[in-house]
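The structure under discussion appears below in the form of structure tokens.
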Number of protein chains: 2
Amino acid sequence: MAQPARSTAVEPTDAPMVWHGWGDPTQRHGLPAGARSFLEARIGPLGTPRTPVPLEEVRVGPCALDTAARAALIEVVGTANLLDDHRSRVEHAGGKSYPDLVRRRRGEAVTAPDAIVRPADHGQVQRTLEVCVEHRIAVVPFGGGTSVVGGVEPERAGFEALIALDVGRMRRLTSVEPGDRTATFEPGLRGPQAEALLAEHGLTLGHFPQSYEYATIGGYVATRSAGQASTGYGRIDDLVLGLRCATPRGELRVGRGVATAAGPDLRALLTGSEGTLGILTELTLQVHPAPEVEHHEAFVAPSFASGAATLRALVHAGAAPHVARLSDEDETGTALAQIGGARARALRAYLRARGIRRPCLLVLGWEGTPAQVAGEHAATVTALRGRRVVGLGTSAGASWAAGRFRGPYLRDELLDHGVMVETLETATTWSRLGALYTAVRAALTDTLRRRGTPPLVLCHISHVYPAGASLYFTWIARQEDGAELEQWRAAKHAASQAIVDHQATITHHHAVGIDHRDWMPDEVGELGLEALRGVKDRLDPTGIMNPGKLLPTPDAPGGPATRSTPAGPPG
Amino acid sequence: MAQPARSTAVEPTDAPMVWHGWGDPTQRHGLPAGARSFLEARIGPLGTPRTPVPLEEVRVGPCALDTAARAALIEVVGTANLLDDHRSRVEHAGGKSYPDLVRRRRGEAVTAPDAIVRPADHGQVQRTLEVCVEHRIAVVPFGGGTSVVGGVEPERAGFEALIALDVGRMRRLTSVEPGDRTATFEPGLRGPQAEALLAEHGLTLGHFPQSYEYATIGGYVATRSAGQASTGYGRIDDLVLGLRCATPRGELRVGRGVATAAGPDLRALLTGSEGTLGILTELTLQVHPAPEVEHHEAFVAPSFASGAATLRALVHAGAAPHVARLSDEDETGTALAQIGGARARALRAYLRARGIRRPCLLVLGWEGTPAQVAGEHAATVTALRGRRVVGLGTSAGASWAAGRFRGPYLRDELLDHGVMVETLETATTWSRLGALYTAVRAALTDTLRRRGTPPLVLCHISHVYPAGASLYFTWIARQEDGAELEQWRAAKHAASQAIVDHQATITHHHAVGIDHRDWMPDEVGELGLEALRGVKDRLDPTGIMNPGKLLPTPDAPGGPATRSTPAGPPG
């Protein structure tokens, strides 16, 4: 039944991502057949294709790094590791959010870092920060550059200059303790690189966010990431055992003794700190035996609510598999449309015969030894008894696994067709999930319909917990020509307001960055922000670390009332 | 096989603990038969019995609360809820650590709070704190008063007066969401009270520290507690979903959305904050279905190292039961001596025939539905195959369960006989566990032997994790007449130094309080302390909240160099 575990065995690469989109453009395959007509039937006629401006036409600002600061940085990292060519600056001009791509594609990167500094180790990171404090240079920590929330936006915040501190040279697996199932990583290892090194020891981290191919270990922890198999292996928060962090005030090391009652957990203060306190330079994480086999299987639930109740039953029975994803009716319909033709018709007829008219796809995935997978699969099947689900077998499940990291490439295709596609994610308790789902869908649909660009809104549950689950929304609509960012902002703000009004979290795994910072007062209260500012004051008193991220500036005009938006020229 | 789950179904009580020792003295049964001769053979001849002074002879300081402050507090809580009688002050003069009991028994309570204030709800707590800020009154949060590390020591730290803020009136289960398996508690519920209320909904918190009968929910979270079944149900850190906290700066509410990436986890900042930031007034925790049955079973391992390897194998196989405890050779020998006589001789012969001369007792316990217990028991037994353990059956396991909360009473018996008994706990990785064990034992043994009071040192593992385990040490020695506290301090300091020298944590579940605060620089570094101070500055700028706990004062004479000791008159 189970197959060799290989759906996450991606070939590691050091190559940078393309500056205007995701990953390696040679991996793009165009829009799926039939996608255009499917979309036009739902969101209206698409315009003419649009392509990004050529790289040389992208505007960056003049380099603000003065001679003394430049020399001091070069003294730390060497001439070869201070980059300030046009391409490098554009490649580090931000992350991969929808607003990032809209601006980059039209040639806007005026806020690009003045230079990219690439330290080799903790000591060089520490000395780089000392130089930056002395010369009043803002520091944007840069790992994979995959942030979709503005987490690596070069916000100068009044500093003389700004560098991206790229940890890409720090990519060693520094130690492994197989008997403890722990491993210590440098921050710049990308997901597949880390997995390849762990595989030599028969181990896995088991962390597979959609950004896995380019995201780094340091980024996982800095953003409090969750991966596609985190129901089985745990969120990154659960895996952090020890951290070494270079801060402007010096080294901070936390995480003694596996489990402790020695005061508040300072690992939790660094996890999710988004580079605002310092740079994570060594990360000791819990790892797991590498799975020998994996098995993905698809089911269909008769409604999203019914499928959610089934997921809750699985987790409460201790029978939730490593991967557990439930698509709503519209996301399932979109997936079926991509299958298309006679196969989709046959499937719909098969389901109709079983009373299911608006199916919701449920993908479950197990990993481990053959015996573990067999045992856990059996437990899940037992827990599914009496629940209204119809099995579709393994091919739909395997097809999800095969395409698990493809989503971001599809976004580039849609952008080429003048289509906005954006995602957001939240989480709440099981008891509040239905109301939250309805409210966010309505906020997105109403807002975009009012603007004359009716959206297709898709949703899935991808992470389940005893107390609740995540909701991951995708919305797709025609771009408003010349008002792309206002359009995006209106939809994002409406959805975010619906989320906080329903006591849900503003982000389940994308982090805060810039896009969510103005909802942080709703999330943790003004006093919660004060607590975080208190920490920042002590570790980063000059405020050079990743300015403008995570924490709304208390006295800035972009406070909660106005819900400010990413820096950059007006859209 | 399994029995109805009732070993934790303790009759709830509101009665305060006896002022000079543990719990309800009518529950004491004297030293076990043969204990005296067993001890004398190991630690030397015991002196004459000693009893605590009568309550009326206990010295407390004059009440420093001025008329205006007293009136302001009474305006908040009412006359009946401000207590300043002699008995109440003595009962709130500290916790239940060994130094606490030594001082209390000889009549020293000069630092007792000026008054005990008992608010009814969050609003009254908040207003009490406002009065205390205004009148410069230090506030010691008081739950069960079970701290064994000086966590509720009345340290005045230069304030005009000091109150104990007793949360004993706040003991409602305010809400339950069975579908989310969550419950919201007020802080003053004692363990058995909380369990009795949850049982009405078929639920359990599953948190059973040895202090369970008197410890409170608020105290569990404030001290980052772990319970005897935490291998199954999780440490309290794992169960905290949401917290409401009254701070001197106002209300702080954290914990939206079940799981989040919205910045650092502020729940982790309050969990383990030991009352230094505010008072937890509402706690939303993950709960579990109440177990229908429980099953405890005993095994014997041929050595502590072999038993530890077996526990590691169980946790790595995902087959560690709810309760997993391994006693070392001396702790097992002490337990066998308590059985005594023909039964113990027969057992030793049985084990010798199986090649085990110095047995190590392993107690495993499963809880759940009959099907769960049967399934998990079978998984454990499978994982035990090929490991060198000998089964002893259920009676020794059930006997552990029956006595699971008796330890503190035995301490009072030993104190009556002039015997020091103290415990400390730590944790580290599996790969470092053996060296840590040896070093702490040697530190305790050498220190006390040099003082002419050779100790009996016992140890067990009580909590296991994928990466490592806890070590819980008990040491027993004759008290040094008139130098009880110096003797204790010498042993405690030697053991603590051994712990930090081995990169282990200074406390696995007892918390920091006063006794461990001078090792906090080893635990989290000076910069880690700075981070915590940054938070405290923002939430408690006047510093009234539980002064002297958790954080060493940076400029006080009792800094890391001198390893200061609890306040109070010289011993």
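The values are calculated or read from the model by the stated rules, or taken from the named source; none is laboratory data. On a predicted model such as this, the values are computed, not experimentally measured, just so you know. When we count neighbours, we look across all protein chains shown, and the Cβ atoms used for this are built from the backbone with ideal geometry, even at glycine.
Descriptive notes on the structure:
- Within the stretch B:85-108, the only residue that satisfies the criterion of being outside any helix (DSSP H, G or I), more than 22 Å from B:GLU484 (Cβ to Cβ) and either at pLDDT below 95 or not charged (D, E, K, R) (or both) is B:HIS92.
- Against the list (1) part of a loop (DSSP other than H, G, I, E, B); (2) within 26 Å of B:SER88 (Cβ to Cβ), the condition B:VAL131 fails is (1).
- Residue within the stretch A:325-332 that is modelled with pLDDT of 95 or more, buried (at least 22 other Cβ atoms within 10 Å of the Cβ) and polar (S, T, N, Q) present: yes
- Within the stretch A:1-52, being at pLDDT 90 or above, of a type in the set (A, V, I, L, M, F, W, C) and closer than 27 Å to A:ALA290 by Cα holds for one residue alone: A:ALA15.
- Looking only at the stretch B:168-179, and only at residues there that are in a loop (DSSP other than H, G, I, E, B) and touching a residue at least 60 places away in the same chain (Cβ under 8 Å), the one that is surrounded by the most Cβ atoms within 10 Å (Cβ to Cβ): B:MET170
- Residue match in the stretch A:203-213 (condition: at the interface with chain B (Cβ under 9 Å from one of its Cβ atoms), at pLDDT 95 or above and not in a helix (DSSP H, G or I)): no
- Some residue of the stretch B:394-412 being within 16 Å of B:GLU484 (Cβ to Cβ) and either crowded, with 16+ Cβ neighbours inside 10 Å or modelled with pLDDT of 95 or more (or both): yes
- Residue within the stretch B:509-521 that is away from every other protein chain (no Cβ under 14 Å), acidic (Asp, Glu) and assigned to a loop (DSSP other than H, G, I, E, B) present: no
- Members of the stretch A:1-60 that are in a helix (DSSP H, G or I) and among the acidic types (Asp, Glu): A:GLU40, A:GLU56, A:GLU57
- Subset tally (residues that are closer than 23 Å to B:VAL90 by Cα, in contact (Cβ under 8 Å) with a residue 24 or more places away in the chain and either loosely packed, with under 14 Cβ neighbours inside 10 Å or not aliphatic (A, V, I, L, M) (or both)) for the stretch B:50-68: 9
- Filtered residues of the stretch B:69-84 (kept if buried (at least 16 other Cβ atoms within 10 Å of the Cβ) and either part of a loop (DSSP other than H, G, I, E, B) or touching a residue at least 24 places away in the same chain (Cβ under 8 Å) (or both)): B:ALA69, B:ARG70, B:ALA72, B:LEU73, B:VAL76, B:VAL77, B:ASN81, B:LEU82, B:LEU83, B:ASP84
- Assessment of the stretch B:419-441 against the conditions (at pLDDT below 95, out of contact with any Lys or Arg (no Cβ under 6 Å at 6 or more places or on another chain) and under 30 Å from B:ALA349 (Cα atoms)) yields no matching residue.
- Test: A:ILE499 is part of a loop (DSSP other than H, G, I, E, B), crowded, with 23+ Cβ neighbours inside 10 Å and either within 14 Å of chain B (Cβ to nearest Cβ) or among the β-branched types (Val, Ile, Thr) (or both): no
- In the stretch B:183-202, the residue that is nearest to the other protein chains (Cβ to nearest Cβ) out of those that are touching a helix residue (DSSP H, G or I) at 6+ places or on another chain (Cβ under 9 Å) and either over 22 Å from B:ARG6 (Cα atoms) or of a type in the set (Phe, Trp, Tyr) (or both) is B:PHE185.
Every residue, every condition in (1) under 20 Å from B:HIS460 (Cβ atoms); (2) outside any helix (DSSP H, G or I); (3) without any contact (Cβ under 8 Å) to a residue 40 or more places away in the chain, yes or no:
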| site | (1), (2), (3) |
| --- | --- |
| B:ALA308 | yes, no, no |
| B:GLU331 | yes, no, no |
| B:ALA335 | yes, no, yes |
| B:ALA342 | no, no, yes |
| B:ARG345 | no, no, yes |
| B:GLY365 | yes, yes, no |
| B:ALA374 | no, no, no |
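- Boolean, A:LEU205 is outside the structural domain of A:ALA317 (by TED's automatic domain parsing) and either over 30 Å from A:GLU292 (Cβ atoms) or touching a residue at least 40 places away in the same chain (Cβ under 8 Å) (or both): yes
For every residue, the table says whether it meets (1) surrounded by fewer than 24 Cβ atoms within 10 Å (Cβ to Cβ); (2) assigned by TED's automatic domain parsing to the domain that holds A:ALA71; (3) at pLDDT below 95.
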position	(1), (2), (3)
A:VAL110	yes, yes, yes
A:ALA120	yes, yes, no
A:VAL140	no, yes, no
A:PHE159	yes, yes, no
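- Among the candidates B:ARG538, B:ARG489, the residue that is part of a helix (DSSP H, G or I), basic (Lys, Arg) and farther than 30 Å from A:GLY250 by Cβ is uniquely B:ARG489.
- Selection status of A:ARG136, of a type in the set (Lys, Arg), in contact (Cβ under 8 Å) with a residue 24 or more places away in the chain, under 12 Å from A:ASN546 (Cα atoms) and in the same structural domain as A:LYS96 (by TED's automatic domain parsing): no
- Taken together, B:ALA112, B:ALA161, B:ALA120 contain a single residue that is in contact with a Cys (Cβ under 9 Å, 6 or more places away or on another chain) and either farther than 18 Å from B:GLY219 by Cβ or polar (S, T, N, Q) (or both), which is B:ALA161.
- Residue in the stretch A:454-469 that is among the aliphatic types (A, V, I, L, M), within 14 Å of another protein chain (Cβ to nearest Cβ), buried (at least 20 other Cβ atoms within 10 Å of the Cβ) and over 22 Å from A:TRP519 (Cβ atoms) present: yes
- Listed here are the strands (runs of 3 or more DSSP E) enclosed by the stretch B:229-298 that have at least 2 residues being under 27 Å from A:SER273 (Cβ atoms) and more than 7 Å from chain A (Cβ to nearest Cβ): B:240-247, B:279-286.
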